[in-house]
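Comments concern the structure below.
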Amino acid sequence: MTSAFDHLECPRCRARKADGALMCECGSPLLARYRIEEARGTLRREHLAGRPPSLWRYAEMLPGVEPVSLGEGFTPLLRSRRLGDELGLPSLYIKDEAVNPTGSFKARGMALAVSVAAARGVKVAAAPSAGNAGSALAAYGAAAGMEVHLFLPETTPRPFISEAERFGARIRLVPGSIADASRAMRTTLGPAGGDGGWFDVSTLREPFRVEGKKTMGYEIAEQMGFTLPGVIVYPTGGGTGLIGMWKAFDEMEALGWIGAARPRMIAVQASGCAPIVRAFEGGRETAEAWSDPVTVASGLRVPSSLGDRLILDAVRRSGGAAVAVQDREMIEAAALLASREGIDACPEGGAALAGVRRLLRSGTIAASDSIVIFNTGTGLKSFS
């Protein structure tokens, strides 16, 4: 399996960038592009069955580096046993990312980011995190022999902190949100890069976390027989996964795996931190930072995203929506996922189900829709 990775490109100004670039000068994240015709020769749908059950089964459409892998990806897509009947949704599916290493979907992005960084000789990596991303970076950094520095809001639940400490990460707790943690990281560590410097693995400040997250889109397609669902409901903080899946659908169409039809992409946020929802409802192309973000869902306590344009573009082009739910709704929905489906969901997973319930009431989604919701991590760390 040979990678067909070709170059990096800015999706806003279309500038082509060197392989080692991180972001475009125009301020946009960069996206990886591939030699599709070359990939079509070896990456065929019928060949997938014999490949390892990890995200690296799509190696032609991932960067060509030695994987730093802990067995991430190819998580189960579970048809609802009971909740679908209770809600009147016969085609409700749950993509359970809790079975990834370190218990969340963050393993996907960090596997790719750390693999590429290790291939380029990076020895020190750092990131701000609300919890799961930090744990994943700590784990993959340990596997790669990297020194890892994490900057976490001081409100981060203790299980996330303890987990990262066990992986050997150096942790600093910062008053405020993940945005404050990011500022503290740059103040403490100084400029990233250069000889003896450190590598910034923050959301969308390097191109390859998106590449790991996009494999969720490849897996949904494969697990549903290459007929995409009508609706994907995704808890959205930084939005890397939504951006990645939208990219994956375009790649799969170019590979000849699927047609032009796309799922409606639904971004779910917390009512106490909903910059994407506010921008979507206001008809804006970018999202203003949310002041004083407050929510029990650490992964949704993200006041701004570098990928706001890309998130809003995917939601609008798909005919989707953005919806905010209250903390009590997501906690109740997480409990339903546990008691009805046997899935110990995190608050963010609860937010996805709560979003479905709201959208059903408003008529935005219908009983006839096939719907995939994401449980992005285990509830053990949030509800312990």
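Of all residues assigned to the range 108-121, at least one qualifies as being on the phi < 0 side of the Ramachandran plot and not in a helix (DSSP H, G or I).
Determine if the range 317-332 includes at least one residue that is basic (K, R) and over 25 Å from R183 (Cβ atoms).
Within the range 317-332 (the criterion being basic (K, R) and over 25 Å from R183 (Cβ atoms)), the answer is yes, since at least one residue qualifies.
Residue pairs whose Cβ atoms lie under 7 Å apart, separated by 6 or more positions or on different chains, with the first residue in the range 228-248 and β-branched (V, I, T) and the second modelled with pLDDT under 95, are T240/T203; T240/L204. Among the residues examined, M252 does not qualify as part of a helix (DSSP H, G or I), touching a Gly at 6+ places or on another chain (Cβ under 6 Å), closer than 23 Å to F5 by Cα and hydrophobic (A, V, I, L, M, F, W, C).
From the list E66, E60, the one residue that fits, being out of contact with any Lys or Arg (no Cβ under 7 Å at 6 or more places or on another chain), surrounded by 19 or more Cβ atoms within 10 Å (Cβ to Cβ) and among the acidic types (D, E), is E60.
For (1) closer than 22 Å to G238 by Cβ; (2) in contact (Cβ under 8 Å) with a residue 60 or more places away in the chain; (3) in contact with a strand residue (DSSP E or B) (Cβ under 8 Å, 6 or more places away or on another chain), each residue gets a yes or a no:
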| site | (1), (2), (3) |
| --- | --- |
| L337 | no, yes, yes |
| E341 | no, yes, yes |
| D344 | no, yes, yes |
| L353 | yes, yes, yes |
| V356 | yes, yes, yes |
| S362 | no, no, no |
| D369 | no, yes, yes |
| V372 | yes, yes, yes |
| G377 | yes, yes, yes |
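Can you tell me how many residues in the range 166-200 are of a type in the set (S, T, N, Q) and buried (at least 16 other Cβ atoms within 10 Å of the Cβ)? Number satisfying all stated conditions: 2. Every condition in (1) surrounded by 24 or more Cβ atoms within 10 Å (Cβ to Cβ); (2) modelled with pLDDT of 95 or more; (3) within 28 Å of A21 (Cα to Cα) is met by G131 except one, and the failing one is (2). Of all the numbered requirements in (1) touching a residue at least 40 places away in the same chain (Cβ under 8 Å); (2) within 25 Å of A119 (Cα to Cα); (3) assigned to a helix (DSSP H, G or I), A164 misses one, and that requirement is (1). Scanning the range 253-294 for residues that are under 22 Å from A354 (Cβ atoms), among the polar types (S, T, N, Q) and without any contact (Cβ under 8 Å) to a residue 40 or more places away in the chain gives no hits.
Listed by position, the helices (runs of 4 or more DSSP H) contained in the range 303-384 that have at least 3 residues being surrounded by 24 or more Cβ atoms within 10 Å (Cβ to Cβ) are 308-317, 327-341, 347-362.
The values are calculated or read from the model by the stated rules, or taken from the named source; none is laboratory data. The model shown is predicted, which means the values in this text are computed figures rather than measured ones. Neighbour counts run over all protein chains shown; Cβ positions are idealised from the backbone, glycine included.
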